[in-house]
1. With no solvent and one point on each alpha carbon, what is the Debye value of log10 I(q)/I(0) for the protein assembly as shown at q = 0.08, 0.12 Å⁻¹?
2. Read phi for every residue in segment A:171-188 and hand back ³J(HN,Hα) as whole Hz from Karplus 6.51 cos²θ - 1.76 cosθ + 1.60, θ = phi - 60°, with x for Gly and Pro.
3. Could you tell me which of rounded, prolate or oblate describes chain B, using a ≥ b ≥ c as the square roots of the eigenvalues of the alpha-carbon gyration tensor, with rounded for a/c under 1.5 and, failing that, prolate when a/b is larger than b/c and oblate otherwise?
4. Which of the lysines could a cross-linker bridge to A:K233, judged by Cα under 24 Å and excluding same-chain residues fewer than eight apart?
5. Give me the inter-chain shielding for A:226-234: mean count of other chain Cβ atoms within 10 Å, whole number please.
6. Local charge sum around A:C281 (other residues, Cβ-Cβ under 13 Å, Lys/Arg +1, Asp/Glu -1)?
7. Can you tell me the mean projection area, over all orientations, of the convex hull of chain A's alpha carbons? Units nm², please.
8. List, in order, the whole-Hz ³J(HN,Hα) value for each residue of segment B:231-241 obtained from phi through the Karplus relation with A = 6.51, B = -1.76, C = 1.60 and θ = phi - 60°; use x for Gly and Pro.
Amino acid sequence: MAGLSSWFRIPEKFKILLILPVQIVMNFIAIIPFALTWYVGMTNWVPQLTIDWWRAQFIGPIAFVYAINDQIFLAAVARTLFIGAVVVPIEFLLGFLLAYVFLGKFIGRKFVTLVAVVPMMVVPAAGGYVFYLMFVESGPVNGLLQIFTGISISFLSNPTWALISIMLADIWQWTPFIFLIMSAALLSLPQEPINAAYVLGASKWYAFRRVIIPMLKRPMMIALLLRAIESLKIFDYPYMMTQGGPGYATQTITMNLYESGFKYLKYGKTATQSLIIFIACIIVAWYAVKPLRAAQRGE
Amino acid sequence: MDPRYEKIISSIIRYSFGLGVVFFALFPLYWMFTMSIKPFFEWSPSVVLWWPNNPTTLNYLQLFIPVETLAEWGLVNPATDPIIHDTATRAIMNSIIFSTFGTLLSVFIGTTAAYAMSRYRASGDYMFLTFRMLPPIAILMPIVIWFSTIRLLDSAIGMILLYGLFPVPFVIWLMRSFFDDLPREIDEAAIMDGCSPAMTFVRVVLPLVRGGLAVTALFIFILNWSDLIVALTISHRYAVTIPVQIGLFESDAGHMYGVMAALGCIAVIPTLAFGLAIQRYLVRGLTFGAVKG
C-alpha cells in the first residue's frame, strides 16, 4: 500500500495526519454542537415536553431579545463582572507584594514559596467546600469573631457577606497564581540595570517604579489578563458555598446558566444566553490573546 | 539608614509575611483534615472545636464501605447516626478513570497538533487559545443537547471525550513551547539521514521531549481532576466524579460535614502531589508557555 505509507513519508501529507485527531474530536464535540445551538437557541424547547429538539416550535431571532430581556441573567452578568473587578486587583497586588517580599535569599525561602502555592493546587470544589465549613455558623471564622468581638455573623445567609465570603475564597485560591508568575518574572530580571540605577543614586522606591516595573510590563499584563478571564468563569465557590443564594445574591454567569439550563430545563433560552456569552467572550479573548502571542514569539 | 538596620527590618518583614502566608494558606487545609477525623457530634458544635477531641476514621470508612456492613461491624447505628446512603467508590473510580484516559486522549491529539504547528507551520493555535478563554458553560449547553441526541449523556465515553477536548489548548501551547525549545537541526539531521517525517517525530523528537510530555500529562491530569462544571452537567447518576460527589452528600441529618471533608481530603491528595512535583513548570503551564519560569 504505497498510498497509505505516503502519509508518513511526504511532509505535506504527514502535516495533515498530525492535525487530523484534534480536528476529529473538535468537530465531533465542539463544532457540531455549536451549530446545533444556533438552531435550538431559536426554539422554545423544553425537554420535559418529551418532544425532541427538532420538533420544538421555532421562534426565530426574536429569541435573542427574550434572552437579553432577563433581569436575573443580566444581574448575574453584572455581578460576575463586579466580582472580577474587586477580586483580580486584590489578588494582583497581594501576589505581587508577596513575590517581591520573598525575592531575596533568606532561610526558609523554599518552604514559604512552596506553601504559598499550595492553595492553587487544591481542587476548587474541595476548596469551596472548606470555605463553606469555615464560614458556616458554627465554623472557625465565627469562632474567632466570637472571641474578639462577641458577635457572630451568618456569613452565608446574608447577601453582602455571602458575596464577600466567595470573594475571599477566590482570593485565597488564586493569589498564588499571580505570586508564581510574578516570582518567575522577578527572578528572571536582568540585574545590571537595577544595580546601575542604585549606583547612580536611585532610591529603592525609585528603582522599583522606574526600572523594575517597566521591565515587568509583559508578565504583569499576562497575569492580569489570564486572571481576569478566569474570574469570569467563577462557579465552584458559589456552587459549593451558597448555591447562588441567598436569593440570587451570589449567582454568577455560570451559576445562572447552569440553573436555568439544568435545574429549570429552559434549554432554548439557556442556549441563546450561552451563545450571547460565547460571542462576547470571543471578542474579549481575541484581544486577550494578543499579548500572549507576542510573548510566545519572544518579542 | 544604616544598612544593618535595613537588613533587620527587611527580615522582620519577610518572616512576618512568611508566617501570615503559612497560616492563611494552610489553615483551610488543616480545617478540612481535622473535620474529616471528627465524629459526627463534633461536626457542628455550639462552641468551635479547634482540634478533634475524639479522632475517628469512620468518615473515611463510610466512603468505601456500605453502611449496612459498618452497622454489622457495630461501627455505626443507622437509626441514630447520620449516614450516607451510597459509598463514594464509584465517584473515586470514575474520577481516576475519566481523568487518566481523558488526559491520555488530550495529550495524544494535542501533541501531534503541537508538533505540526511547531515544525510544519500548521495554523489553528490561536483558535484553540481563544477556545480556552471561553467559560465552559457556554460550550457545555450545546454539548449536552448534542450528547442527549446521540445518547452520550452520563456515560464514561462522553466524559472521557470531554476531558480529552477541554484541556487540548493547554497541551498544544505547552508542548509547542517544548518543541520550540528543541533545535530544528535535530529534525533536519534525522531527515538527512533518511528518516521519514513520521519516524523523525516518533523515534527522534518525542524521546527528546519526554520530560515535557510528562509535565504536560500531569498538568492536564490536575485540570481534569479538578473539574466540576463539566461533570456536573454531563453526569447524573452513573458518571459522577469526586467534585460532584462532594456536593451530593446530604442525609436526613443535614450536611455530612465529616464525610464530605474526608472526600475533600482524598480529592486534594493527587493534585497537591502532582502540582508540587511539576512546580517548576506550573508557570509555563498556566500562562500557555508565555512566561517560562
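Coordinate-derived values only; no laboratory data. Computed from a prediction, not measured in an experiment: that's the story for all the values here. Neighbour counts are summed over all protein chains in view; Cβ atoms, including those assigned to glycine, are modelled from backbone coordinates with ideal geometry.
1. Here the Debye-derived log intensity ratios amount to -0.62, -1.31.
2. 5, 4, 6, 9, 4, x, 4, 5, 4, 4, 5, 6, 4, 4, 5, 5, 5, 8
3. Oblate, because a/c is 1.5 or more while a/b does not exceed b/c.
4. Leaving aside lysines fewer than 8 places away in the same chain, those within reach of A:K233 are A:K263, A:K266, A:K269, A:K290.
5. The shielding value for this peptide is 3.
6. It works out to a net charge of +1.
7. Taking the Cα atoms of chain A, their convex hull projects to 25.0 nm² on average.
8. 5, 5, 7, 8, 9, 10, 10, 7, 9, 5, 10
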